[in-house]
1. Spelling out what I want: for every residue of region 129-140, take phi, set θ = phi - 60°, compute 6.51 cos²θ - 1.76 cosθ + 1.60 (Karplus), and round to whole Hz; glycine and proline get x.
2. When the chain is fully extended, how far beyond the present Cα-Cα distance does TRP137 get from LYS91, taking 0.36 nm per residue of separation?
3. PHE241's amide H: which non-local residues (gap 5+, or another chain) put their own amide H closer than 5 Å, with H modeled 1.01 Å from N in plane and none for Pro or chain starts?
4. Please list, in chain and number order, the residues 5+ apart from GLU157 or on another chain whose amide H is under 5 Å from its amide H, with Hs placed from the backbone.
5. For region 100-112, what does the Karplus curve 6.51 cos²θ - 1.76 cosθ + 1.60, with θ = phi - 60°, yield as ³J(HN,Hα) per residue in whole Hz, taken in order and with x for Gly and Pro?
6. Specify, per residue and in Å³, the volume enclosed by the convex hull of the alpha carbon atoms belonging to region 5-234.
7. Enumerate the calculated ³J(HN,Hα) couplings along region 186-201 in order (Karplus 6.51 cos²θ - 1.76 cosθ + 1.60, θ = phi - 60°), each rounded to whole Hz, writing x wherever the residue is Gly or Pro.
8. On full extension of the chain, what length is gained from ILE233 through PHE114, given 0.36 nm per residue of separation minus the C-alpha to C-alpha distance?
Amino acid sequence: MPITFDNLRMFGMFGLKLFSFDTAGDDVIVEVPAGVTTWLILAFIGVGIIGYLLGTLNFALIISRKKYNEDIRDYGSGNAGMTNMMRTYGKKTGIVTFLLDILKAVLAVVIGWFVLGEAGGYFAGFCCVLGHAFPVWFGFKGGKGVAVMTGVIFTLEPLLGLLLLAIFIAVVAFTKYISLGSIMAVLAYPLLLGNIYKAIHRSRSPFFFVVMICAVLTAFLVIFLHRSNMKRILDHTENKFSFKSKGEKKEKE
């Protein structure tokens with residue numbers, strides 16, 4: 001099969017060398033040679049490990065320790081993420097943290113996508129969120145994965161990213177809760193993915209089921225990590241977002 005963008009999207013460089021293909025209209029039929037399954041599993045494990053290790057580069061923790069000689073988890077919500085960095089150290093530090101977390105997600109997805117196509121990209125992205133939330137270098141206590149998930153979605157499906165961003169902005173504008181905006185966008189992610197995918201891509205990867213599983217797992221993980229926020233929203237004790245915030249250190253809530 002020739003190396004085209006669409007073929008790389010579906011299978012990646014490793015998949016193009018690993019499988020035999022045939023086409024029937026818009027469908028792609030994959031012929032799996034004997035002994036290929038082991039190599040495929042090893043490839044997924046490889047991109048998963050890379051995604052996880054990139055995710056463990058939690059920049060909220062790195063910046064708070066290197067620049068301020070502190071641990072962001074000792075302040076505010078105790079979360080190692082952009083929102084707590086912004087509230088503790090100011091908007092500039094929060095934005096830098098957010099962008100760096102996005103970049104590591106983009107790198108993880110690009111590596112996974114190049115090796116195993118979009119299925120590899122989604123799996124590497126999920127593992128990156130996992131590494132961000134449970135970083136081995138920081139006692140398995142990291143952030144809640146919204147910035148990382150943002151990088152994953154915008155890299156793989158930019159149109160879907162824009163729709164989810166619109167949902168996030170609308171919810172935050174109405175409620176002033178960043179966490180609630182994140183939760184609603186995350187809930188919509190796997191629900192909208194199937195429809196957006198069909199509308200954009202002429203051919204569907206034979207490994208689309210991996211894409212959907214990773215999307216559901218990523219959404220479930222990020223929502224699970226926001227369980228304390230959901231409790232505070234119900235108790236009306238969740239902090240509301242304000243552009244006027246200049247950064248104020250508060251002991252862990």
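Just so it is clear, none of the values below were taken in a lab; they were calculated from the coordinates. Computed from a predicted structure; not experimentally measured.
1. In residue order, the calculated couplings are 4, 4, x, 5, 6, 10, x, 4, 7, 10, x, 6 Hz.
2. On the way: separation 46, 0.36 × 46 = 16.56 nm, distance 2.61 nm.
Extra length from TRP137 to LYS91 when fully extended: 14.0 nm.
3. Long-range HN contacts for PHE241: TYR177, ILE178.
4. none
5. Those phi angles translate into 5, 5, 5, 4, 5, 5, 4, 4, 4, 5, 4, 5, x Hz.
6. 116
7. Karplus values, whole Hz, x for Gly and Pro: 5, 4, 6, 3, x, 5, 8, 4, x, 5, 5, 4, 5, 6, 9, 9.
8. Working: separation 119, 0.36 × 119 = 42.84 nm, distance 4.04 nm.
Length gained, ILE233 through PHE114: 38.8 nm.
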